[in-house]
Structures are given as structure tokens and as C-alpha cells.
1. Go over the candidates G58, G79, G68 one by one and state the one that is closer than 30 Å to G105 by Cβ and at pLDDT below 70.
2. Within the stretch 87-104, which residues are modelled with pLDDT of 70 or more, in a loop (DSSP other than H, G, I, E, B) and not basic (K, R)?
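The values are calculated or read from the model by the stated rules, or taken from the named source; none is laboratory data. These numbers were taken from a predicted model, which means no experiment stands behind them. We place every Cβ from the backbone using ideal geometry, glycine too, and count neighbours over all the protein chains shown.
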Amino acid sequence: MAENKKMKKNDWIKSIKIIILCLVIGLGVSFISAWTAPSGAPASATNTKEPVTAEPSGSSNLQAKTGGLSVNAFSVTTGSQFNGDVTVNSLSGGTDRNVCVDKFGKIKICQ
């Protein structure tokens with residue numbers, strides 16, 4: 001009788017293992033069958049713009065970007081040129097301020 005219970009327990013464990021294996025295989029097959037290939041060709045040099053990149057120090061390769069540019073931090077080590085107004089957000093007092101250059105070439109807050 002004890003041997004009969006032991007066999008039933010072993011059969012039950014084998015059944016659970018088979019069920020788990022079937023579930024794993026079924027999920028794997030469903031993930032594989034859900035994949036679809038890309039619909040278009042990958043980007044090429046003719047339809048994408050070059051990114052703004054870091055140039056070596058002293059390089060004469062100037063870069064321009066049309067449209068907006070947002071950065072978390074901005075650092076200039078050799079010099080830069082800005083055409084148009086420059087606004088600094090929340091410089092002091094929590095308001096936006098324009099910055100200017102005085103006759104001595106020093107940056108100041110415009111009035």
C-alpha cells in the first residue's frame with residue numbers, strides 16, 4: 001500500500017514536470033511567432049542627417065544644427081559663437097534673463 005502511494009506521488013511529480021515543460025515550450029513558440037521583421041529598409045546616408053559630434057581640439061570643422069537643441073549641461077573649452085540672442089533660464093530670481101557682452105568683452109546680464 002505504501003509503495004502504491006509512492007508510485008502515485010512519483011507519477012504526479014512527473015505529470016507536473018511535463019506540464020511545466022509544455023508551458024515553457026508553448027510560451028517560447030508564441031514569443032518566436034509574434035516577432036515580425038522590419039517593414040522598411042534601414043536608415044542610409046541619403047535619408048539621415050549627421051549628428052552633432054565632438055571634434056578634436058583645434059579642429060576647423062564648424063557644425064551647424066537647424067532647429068532646437070536641448071542639453072543637460074554645456075561646456076565650451078576653446079570658444080564658441082552664438083548668432084542671435086542668448087537666454088539663460090532661471091539665472092537669478094527664477095526668471096529668464098538675456099546675457100550680453102559689454103564693451104570690454106565680459107558677459108553680463110542685459111538690462
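1. None of the other options fit; the residue is G58.
2. D102, F104
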